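The values are calculated or read from the model by the stated rules, or taken from the named source; none is laboratory data. If you're wondering where the values come from, they're calculated on a predicted model, not measured in any experiment. Cβ: placed from backbone, ideal geometry, glycine included. Neighbour counts: every protein chain shown.
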Amino acid sequence: MPVTPVLLVVLALVLAAEFVNGWTDAPNAIATVVSTRVLSPARALLLASAFNVIGAMSGTAVAATIGKGIVSAEVINIYTVGAAMVGIVFWSTVAWYYGLPTSESHALIAGLTGAGLATAGPDVLVWAGWKKVVIGLGFSTFLGFGGGLALMTLIYRLWAKARPETVRRLFGRLQIASAGFMAFSHGSNDGQKFIGAFTLVLLLGGIIPEFHVSPWVIVLCAGTMGLGTALGGWRIVRTMGLRLTKLEPVHGFAAETSAAGTIMLASAFGIPLSTTHTISTSIMGVGATRRFSAVRWGVSRDIVGAWILTFPICGTIAFLVTKGALLLTR
């Protein structure tokens, strides 16, 4: 089938959503390495951009879940996917302006759901994929906090008698590796989500006969996300790395390593989870090992508030935009 203007617009919207994903979500990967001054912001953003791209190219299991496991590709159309992207771009841009990290995972899932409901009602939902979404919520929240808490406690015990200067020097070096691991894991999960959405649009537009992720789609989407991180990631780095809790290199290493491990485990099973939730709760868990008040819970409240609002706002916007599109195309 020929490439239509509508198809090009919707594909551009998917890339725009991937770009703001690089703004608001991908910077979480290197927030701690900046706050601990192990790397300068410029070098950290370069690290995040590079490893996010590599991670997004590492597999397609999460992309497949998003592309055909949340809503039925046979029922929705190209307009519904475009509507979902409009909600994501709007909400993520607003949150980015206020320096709040958002979950593009939840924004994408909510947008596709709202658009699907507007098109065909509840029958459009694929419940097998939604089970993975629910599992992902548990992974990101409980494993994130618990993993950060457990790893930091273990490190405290192993290096209890070491000199502070020795600990800082050792974990300063290790944190560069953990930041790269975190960025890679983000790309392997979050980067794949919009790869799945892009492929879904190609399928709905008749460009490809079946859902199959092509290498050029991976390169295009991964590069777009990396560009977004490089150009606009500092606002989120400041919130996550400087405002949430005071971090030393050892804390950053523990938070990044536990969060990245959780994300990679989810990616292996094709479970889409929120990397924002995972690294945020991991940082909270690490901070809580010193004392409960070491975490700035007011900042945490603002972050959690943005998480909660993501589902209804993105879902509602996508629902309304889809209804409008359906009326105009009748």
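Checking each residue in the stretch 80-131 for being among the aromatic types (Phe, Trp, Tyr) and modelled with pLDDT under 85 picks out Trp96, Tyr97, Tyr98, Trp127, Trp130. Considered as a group, the residues in the stretch 138-158 that are surrounded by fewer than 17 Cβ atoms within 10 Å (Cβ to Cβ) and among the hydrophobic types (A, V, I, L, M, F, W, C) include one that is modelled with the lowest pLDDT, and that residue is Phe142. If you scan the stretch 54-76, which residues turn out to be closer than 30 Å to Arg173 by Cβ, modelled with pLDDT of 75 or more and surrounded by 24 or more Cβ atoms within 10 Å (Cβ to Cβ)? Hit for the stretch 54-76 is Gly55, nothing else.
Tell me, yes or no, whether the stretch 122-136 has at least one residue that is within 30 Å of Val38 (Cα to Cα) and of a type in the set (Lys, Arg).
Going residue by residue through the stretch 122-136, those that are within 30 Å of Val38 (Cα to Cα) are none.
Taking every residue of the stretch 122-136 in turn, none turns out to be within 30 Å of Val38 (Cα to Cα) and of a type in the set (Lys, Arg).
Residues in the stretch 137-178 that are within 24 Å of the chain's Cα centre (by Cα), of a type in the set (Val, Ile, Thr) and within 16 Å of Met284 (Cα to Cα): Thr141 only. Scanning the stretch 77-94 for residues being surrounded by fewer than 24 Cβ atoms within 10 Å (Cβ to Cβ) and touching a Gly at 6+ places or on another chain (Cβ under 6 Å) gives a total of 1.
So, of the residues in the stretch 303-330 that are surrounded by 19 or more Cβ atoms within 10 Å (Cβ to Cβ) and at pLDDT below 85, which turns out to be farthest from Thr36 (Cα to Cα)? Spell out the reasoning first.
Filtering the stretch 303-330 down to residues surrounded by 19 or more Cβ atoms within 10 Å (Cβ to Cβ) leaves 303, 306-307, 310, 313-315, 317-319, 321-322, 325.
Narrowing further to those that are at pLDDT below 85: 303, 306-307, 325.
Details: Ile303: 21, Ala306: 25, Trp307: 25, Ala325: 48 Å.
That would be Ala325.
Filtering the stretch 233-251 to residues that are at pLDDT below 85 and part of a helix (DSSP H, G or I) leaves Trp234, Arg235, Ile236, Val237, Arg238, Thr239, Met240, Gly241, Leu242, Arg243.
Among the numbered conditions (1) surrounded by fewer than 17 Cβ atoms within 10 Å (Cβ to Cβ); (2) of a type in the set (Asp, Glu); (3) part of a helix (DSSP H, G or I), the only one that Glu210 does not meet is (3).
Please verify whether the stretch 257-270 includes one or more residues that are in a loop (DSSP other than H, G, I, E, B), modelled with pLDDT under 85 and either in contact with a Gly (Cβ under 9 Å, 6 or more places away or on another chain) or not acidic (Asp, Glu) (or both).
Filtering the stretch 257-270 for residues in a loop (DSSP other than H, G, I, E, B) gives 269-270.
Then keep just the ones that are modelled with pLDDT under 85; that gives 269-270.
With the extra rule that they be either in contact with a Gly (Cβ under 9 Å, 6 or more places away or on another chain) or not acidic (Asp, Glu) (or both), the set shrinks to 269-270.
Yes, the stretch 257-270 contains a residue that is in a loop (DSSP other than H, G, I, E, B), modelled with pLDDT under 85 and either in contact with a Gly (Cβ under 9 Å, 6 or more places away or on another chain) or not acidic (Asp, Glu) (or both).
For Ser105, the conditions (1) of a type in the set (Ser, Thr, Tyr); (2) out of contact with any Asp or Glu (no Cβ under 8 Å at 6 or more places or on another chain); (3) within 27 Å of Val6 (Cβ to Cβ) all hold with the exception of (2).
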